[in-house]
Amino acid sequence: MKDFEDQLREALARKPAPDGFAGRVIARSRRKSSWKTWAAGAVAASLVAGVLTVKQVEAVKEREQGQAARAQLLRAFEITRTKVKQIEGKVETVNP
Amino acid sequence: MKKILVGVAVATLAWPALAWQINLEHLDRLGAKASNTVNVTLDAGLLQLAGKFLSDKDEDESAVKKLAAGLKSILVRSFEFKNDAAYLESDVEAIRNQLRGPDWKKIIEIRSKTEGNSDVYLRQNNDRITGFALIAAEPRELTVVTVEGNVDVDTFHKLAGNFGIPGSLRHKVEGRIR
């Protein structure tokens, strides 16, 4: 029993860290955090770039659709105007 | 049973929207025979989008923008042919049939063996014009225009004329409609 207690005491006794241990831990943690920061930054930048690209593509697409719709609308009114005028002319001929 | 009820409810809700639009799909086959075709289909969404790209500085474009803001759809089908009789009278009659409902009033009908037949229809809701349709069926040309939604009469007059009614007759005809 006494022997066991001695073993336990010895195992739990405070021991000084080996020389340079703290420095090695700090250096390693810095290395790790630096890599993670870069990776996170790259992912965030990719996401932002992706979102911006999608928005830009959508804006271009909307502009193209809008311009096409505008041209169609103006064409529709041009045809309507021409036909209405022709019909007015025919009515005038019938009812001078 | 629940699905059937939902289906009936959806169909009931969709009916006014379906009934709203004149169907011109049967004219699409004429494109193959025509030497020149114009096919314009603009729904409310596209009309709104088009409005964003119309200039406020240009008088005509500004008027078109104002008019388009109240519209639900514009359909134009226009075909020019090199020969007579490229389309059938039944093609035109199918459109006239859709405009025979109680909502539409024919305000102009021209029948001419040389210049062809023209019809102009208006749909009114109280004092507002909610639809305009034009059929110009000439020997070598067929044009159909339907405009649905709230039609701003003054802007329409400015843009396209008096719905085909000469100024001298306009007041008489409008009086008869009301």
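Among the candidates A:LYS55, A:LYS36, A:LYS61, single out the residue that is basic (Lys, Arg), out of contact with any Pro (no Cβ under 6 Å at 6 or more places or on another chain) and modelled with pLDDT under 85.
Details: A:LYS55 fails: modelled with pLDDT under 85; A:LYS61 fails: modelled with pLDDT under 85.
From the options A:LYS55, A:LYS36, A:LYS61, the qualifying one is A:LYS36.
Just give me the residues in the stretch A:71-89 being of a type in the set (Lys, Arg) and either more than 7 Å from chain B (Cβ to nearest Cβ) or open to solvent by 60 Å² or more (accessible area, probe 1.4 Å) (or both), in sequence order.
Let us first name the residues in the stretch A:71-89 that are of a type in the set (Lys, Arg), namely A:75, A:81, A:83, A:85.
Of everything in the stretch A:71-89, those that are of a type in the set (Lys, Arg) and either more than 7 Å from chain B (Cβ to nearest Cβ) or open to solvent by 60 Å² or more (accessible area, probe 1.4 Å) (or both) turn out to be A:ARG75, A:ARG81, A:LYS85.
Kindly check whether there is at least one residue in the stretch A:21-28 that is modelled with pLDDT under 85 and not β-branched (Val, Ile, Thr).
yes
For the stretch B:117-151, how many residues meet the condition of being of a type in the set (Gly, Ala, Ser), more than 12 Å from B:ILE95 (Cα to Cα) and facing chain A (nearest Cβ under 9 Å)?
Taking the stretch B:117-151 first, the residues of a type in the set (Gly, Ala, Ser) are B:118, B:131, B:133, B:136-137, B:149.
Those left that are additionally more than 12 Å from B:ILE95 (Cα to Cα): B:118, B:131, B:149.
Those still in the list that are facing chain A (nearest Cβ under 9 Å) too: B:118.
Count: 1.
Quickly run through the stretch B:23-42 and pick out the residues that are open to solvent by 70 Å² or more (accessible area, probe 1.4 Å) and facing chain A (nearest Cβ under 10 Å).
B:ASN39, the sole residue that qualifies.
Got a sec? Which of B:LYS57, B:LYS65, B:LYS52 is out of contact with any Cys (no Cβ under 9 Å at 6 or more places or on another chain) and surrounded by 18 or more Cβ atoms within 10 Å (Cβ to Cβ)?
Working: B:LYS57 fails: surrounded by 18 or more Cβ atoms within 10 Å (Cβ to Cβ); B:LYS52 fails: surrounded by 18 or more Cβ atoms within 10 Å (Cβ to Cβ).
Step by step, each of B:LYS57, B:LYS65, B:LYS52 is checked, and only B:LYS65 is out of contact with any Cys (no Cβ under 9 Å at 6 or more places or on another chain) and surrounded by 18 or more Cβ atoms within 10 Å (Cβ to Cβ).
Give the stretch B:127-151 a look and list any residue that's over 19 Å from B:LEU67 (Cα atoms) and in a loop (DSSP other than H, G, I, E, B), or say none.
B:PRO139, B:ARG140
Is one or more of the residues making up the stretch B:152-162 surrounded by 12 or more Cβ atoms within 10 Å (Cβ to Cβ), assigned to a strand (DSSP E or B) and at pLDDT 85 or above?
Pass one, the stretch B:152-162, residues surrounded by 12 or more Cβ atoms within 10 Å (Cβ to Cβ): B:152-153, B:155-162.
Adding the requirement that they be assigned to a strand (DSSP E or B) leaves none.
No, the conditions are met nowhere in the stretch B:152-162.
Here are some conditions: (1) open to solvent by 80 Å² or more (accessible area, probe 1.4 Å); (2) more than 30 Å from B:PHE79 (Cβ to Cβ); (3) assigned to a helix (DSSP H, G or I). A:ARG14 meets all but one. Which one does it not meet?
(3)
Could we say that B:ASP84 is of a type in the set (Asp, Glu) and open to solvent by less than 30 Å² (accessible area, probe 1.4 Å) here?
Details: of a type in the set (Asp, Glu): yes; open to solvent by less than 30 Å² (accessible area, probe 1.4 Å): no.
In short, no.
Could you tell me whether any residue of the stretch A:46-68 is at the interface with another protein chain (Cβ under 9 Å from one of its Cβ atoms), without any contact (Cβ under 8 Å) to a residue 40 or more places away in the chain, aliphatic (A, V, I, L, M) and buried (at least 16 other Cβ atoms within 10 Å of the Cβ)? Working first, answer last.
Applying the first criterion (at the interface with another protein chain (Cβ under 9 Å from one of its Cβ atoms)) to the stretch A:46-68 yields A:62-63, A:65-68.
After this cut, where a residue has to be without any contact (Cβ under 8 Å) to a residue 40 or more places away in the chain as well, the list is A:62-63, A:65-68.
So of that shortlist, the ones also aliphatic (A, V, I, L, M) come out as A:68.
Among the residues that remain, those that are also buried (at least 16 other Cβ atoms within 10 Å of the Cβ) are: none.
The answer is no, given that none of the residues of the stretch A:46-68 is at the interface with another protein chain (Cβ under 9 Å from one of its Cβ atoms), without any contact (Cβ under 8 Å) to a residue 40 or more places away in the chain, aliphatic (A, V, I, L, M) and buried (at least 16 other Cβ atoms within 10 Å of the Cβ).
Test each condition in (1) within 30 Å of B:SER118 (Cβ to Cβ); (2) at pLDDT 85 or above for A:THR93 and report the one that comes out false.
With respect to (1) within 30 Å of B:SER118 (Cβ to Cβ); (2) at pLDDT 85 or above, A:THR93 is out only on (2).
The values are calculated or read from the model by the stated rules, or taken from the named source; none is laboratory data. Because the structure is predicted, anything quoted here is derived from the model rather than measured. Note that each Cβ is placed from the backbone with ideal geometry, even for glycine, and that neighbours are counted across all protein chains shown. In case anyone asks, the SASA skips ligands and DNA or RNA and just uses the protein heavy atoms, side chains included. Shrake-Rupley method; radii C 1.70, N 1.55, O 1.52, S 1.80 Å.
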